[in-house]
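Novice: Okay, handing you the structure first.
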Amino acid sequence: MHLVEDASVPDKTFLNAPYLADPTELITPYAFFSIPFGVPYHAVDLTACAGGAEAVRAQSFVRPYALNWDHYDFDFNDVLFPDNKATVTDLGAVPTDIRHPDSVWDTGMGFVKSVVACGAVPLVVGGFDSIPPIVGGGFENETINVLHVDSHLDFREERYGVTRGYSSPIRRLREFPWVQDVVQVGMRGIGSARRGEVEDARAAGNRIVTAWELHERGAQWLLDSLTSPGRWLITVDCDGMDTSIAPGVSAREPGGLTFHEMRTLVAGLARQGKVAGVVFTEYQPGLDIQDITAQTILRLMMNVIGNQRSPKAELPYTGE
Ligand SMILES: [Mn+2]
């Protein structure tokens, strides 16, 4: 794993896409990058997830993907990059300073604002679940909705006096005036929420769909109910997904969203052109089992790129 400070220039880029250091010069409709950590509670919060983006990049070079990027993909009935034009740029990692970790809030938000100002959809692999408001904060000029997949509610006001940590991201997102609907799906078992936080989330207008309700009624049922105007920021704490497709997390909980359910939601919003951004958090490569979690993240991101086409300019792609 790279040192956090050295993670900005990847050895191999996401899907072998062009690399760009400056997010203000983006011309592709998608941008892949890492926010290696968010505002921490503990020292380990700075490093445990920091290699997640690297693992996803590496997965894109593993069979069956390696050197087959120009093959037909049945998830969107097309090739990923038609006419050999790359629609995604790899921006490396948001510059971070582990000596002043709280500064990632402003630094990261500024970075995302640059990406959004270029008209690009951010595809983010984050640290722990303190990342989502850093990404959502970049959309201040657009009314967006939030689809939050997680086994946990993450609606605490503070923890250890820290208000921007990984127990509070949805509360912070809810406070942004440009955030409209907040749909939280996958909640199950015992998490960090107390009764008061559940009541607060509902009082704030959040819609809570437990994992069991989703399994009973179906992902298509949920997708069909996401009818508010505006695009969606899809923020996925990897522990919201089932352990069988996302074992690389510290808080495993049986009964999460299956790949089929995740793909229905992600591809469904993408086909409607309503994906504003995607962020995966809590992925710890050191806990993964044969890169299963990295493959899940990669395939869901490819489902966004392949199902939500854009007329924006594209770069020559030399996949092979
Ligand atoms: Mn969680």
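Novice: To the nearest 20 debye, what is the magnitude of the charge dipole of the stretch 4-316 about its Cα centre, counting +1 on the Cβ of each Lys and Arg and -1 on the Cβ of each Asp and Glu?
Specialist: Computed about the Cα centre, the dipole is about 500 debye.
Novice: Next question, about the same structure. Kindly provide the helix-only [θ] at 222 nm of the chain, computed as the sum of -39,500 (n - 2.57) over DSSP H runs of four or more divided by all residues, to the nearest 500 deg cm²/dmol?
Specialist: Working: 9 runs with 85 residues, N = 320.
Using -39500 (n - 2.57) per qualifying helix, the result is -7500 deg cm²/dmol.
Novice: As an exercise, identify the trypsin sites (Lys or Arg not before Pro) in the stretch 142-224 lying in DSSP coil whose Cβ has no more than 12 other Cβ atoms within 10 Å.
Specialist: Arg194
Novice: Tell me the trypsin sites (Lys or Arg not before Pro) within the stretch 57-138 that lie in a loop according to DSSP and have at most 15 other beta-carbon atoms within 10 Å.
Specialist: Answer by residue number: Arg99.
Novice: Specify the inter-centroid distance of the stretch 12-91 and the stretch 106-149, based on alpha-carbon positions, in whole Å.
Specialist: Here the two parts' Cα centres lie 16 Å apart.
Novice: Using R₀ = 45 Å, calculate the FRET efficiency as 1/(1 + (r/R₀)^6) where r is the Cβ-Cβ separation of Ile27 and Arg159; round to 0.05.
Specialist: Computed FRET efficiency for Ile27 and Arg159 comes out at 0.65.
Novice: Computed over the Cα atoms of the chain, what is the convex hull's projected area averaged over all directions, in nm²?
Specialist: Mean shadow area of the hull around the Cα atoms is 14.5 nm².
Novice: Okay, next question. Show which lysines lie in cross-link reach of Lys312 when reach means a straight Cα distance below 17 angstrom and same-chain residues fewer than eight apart are skipped.
Specialist: Leaving aside lysines fewer than 8 places away in the same chain, those within reach of Lys312 are Lys85, Lys274.
Novice: Looking only at the chain, where both bridge partners belong to it, what percent of the DSSP beta bridges are antiparallel (to the nearest 5)?
Specialist: 10 percent
Novice: Relative contact order, percent, of the chain when contacts are C-alpha pairs under 8 Å separated by at least 6 residues?
Specialist: Result for the chain is 23 percent.
Novice: OK, next. What is the percent carbon and sulfur in the accessible area of the chain, measuring with a 1.4 Å probe over the protein chains and ignoring ligands?
Specialist: It is 51 percent, rounded to a whole number.
Novice: Which Rg and Dmax, in Å, describe the Cα atoms of the stretch 153-203?
Specialist: 10.8, 31
Novice: While we're looking at this one, here's another question. I need the chymotrypsin sites (Phe, Trp or Tyr not before Pro) found in the stretch 156-239, filtered to DSSP loop residues with at most 11 other beta carbons within 10 Å of theirs.
Specialist: Sites meeting the loop and neighbour criteria: Tyr160.
Novice: Before I look further, what does the stretch 4-316 give for accessible area per residue, probe 1.4 Å, in whole square angstrom?
Specialist: Result: 38 Å² of accessible area for each residue.
Novice: Where in the chain are the DSSP H helices whose alpha-carbon span along the long axis reaches 24 Å or more and whose Kyte-Doolittle mean is at least 0.5?
Specialist: none
The values are calculated or read from the model by the stated rules, or taken from the named source; none is laboratory data. Being a predicted model, the structure only gives us computed values, none of them experimental. Reconstructed Cβ throughout: ideal geometry from the backbone, glycine too, with neighbour counts over all protein chains shown. Just the protein is used for accessible areas: all its heavy atoms, side chains included, with ligands, DNA and RNA removed. Shrake-Rupley method; radii C 1.70, N 1.55, O 1.52, S 1.80 Å.
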